[in-house]
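The values are calculated or read from the model by the stated rules, or taken from the named source; none is laboratory data. Predicted model, so just to flag it, every value in this text is computed and none were measured. FYI the Cβ positions are ideal-geometry reconstructions off the backbone, even for glycines, and counts take in every protein chain you see. Note: accessible area is taken over every heavy atom of the protein model, side chains too, but ligands, DNA and RNA are not part of it. Shrake-Rupley method; radii C 1.70, N 1.55, O 1.52, S 1.80 Å.
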Amino acid sequence: MFPDASRSYPVTLPDGLHHQGTVFLDQVINHPGWDIGAYTYASDFAAPSDWASHLAPYLFGAGPGGLRIGRFCQIAHGVRFLTAGANRATDGLTTFPFPIFDPAQIATYQPDTRDTVIGHDVWLGYGALVCPGARIGNGVIVGAGAVVRGEVPDFSVVIGNPGQVVKRRFSDEDCARMARLAWWDWPAERVELAVPALLAHDISALEQL
């Protein structure tokens, strides 16, 4: 049941073949603008040759405006991260990006320098769009087609366009308990022991570990 973090294709089908459309991102992306936690996977019906540019097409290189994703996240088909490189300056009389047409300026033209940050154990549903500078907390569920901006609190469910928090997944007390446990930071062997408690919504059993 527990996946091998070193595999690019962690899902083995009943016929013994590896499912090419699901990948552990830290195993298939080597890009200076990405920071990806272990066990975070993405799935796509037509597996791209370049997962980095497929998921974050405006994340061109190193520098400000990076993308940080925690551990044990789940990224469905059609999810896109519109990182800071997608933005334009809005403090002038035009939003037309004249500097990108000048070789001397293109490398330093960065009107938006915010990082986009995804916490741990986040589920990003089908076709969700994460906008530049969004900060999505731990344990968040992002509904299919949601457009997420700004800050989303831990263990929330956000849906719609613009994305709105419609509920918390647990009581305030249980949210605090889960935040203290931070099971996603545990060693793999300990998380493997915790799988039954995690699947059963048994926080008390999780605390015993």
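In segment 75-85, is there at least one residue being among the polar types (S, T, N, Q) and open to solvent by 10 Å² or more (accessible area, probe 1.4 Å)?
no
Output yes when any residue across segment 94-116 is closer than 30 Å to VAL191 by Cβ and not aliphatic (A, V, I, L, M), and no when none is.
yes
Got a number for residues in segment 94-127 being open to solvent by less than 40 Å² (accessible area, probe 1.4 Å) and under 22 Å from MET178 (Cβ atoms)?
7
Report yes if some residue within segment 149-158 is of a type in the set (Lys, Arg), open to solvent by 10 Å² or more (accessible area, probe 1.4 Å) and within 22 Å of MET1 (Cα to Cα); otherwise report no.
No, segment 149-158 contains no residue that is of a type in the set (Lys, Arg), open to solvent by 10 Å² or more (accessible area, probe 1.4 Å) and within 22 Å of MET1 (Cα to Cα).
May I ask you to list the residues in segment 167-207 that are open to solvent by 70 Å² or more (accessible area, probe 1.4 Å), assigned to a helix (DSSP H, G or I) and over 19 Å from PHE2 (Cβ atoms)?
The answer is ASP172, GLU173, ARG180, GLU207.
Checking the condition assigned to a loop (DSSP other than H, G, I, E, B) and in contact (Cβ under 8 Å) with a residue 12 or more places away in the chain, which residue from PHE96, PHE45 passes?
One residue alone meets the criteria, PHE45.
Return the residues of segment 50-69 that are crowded, with 23+ Cβ neighbours inside 10 Å, assigned to a loop (DSSP other than H, G, I, E, B) and at pLDDT 95 or above; say none if nothing qualifies.
ALA56
Do any residues in segment 48-75 that are hydroxyl-bearing (Ser, Thr, Tyr) have Cβ atoms under 6 Å from those of residues that are surrounded by 14 or more Cβ atoms within 10 Å (Cβ to Cβ) and outside any loop (DSSP other than H, G, I, E, B), where the two are at least six apart or on different chains, and which pairs are they?
TYR58/GLY85; TYR58/ALA86
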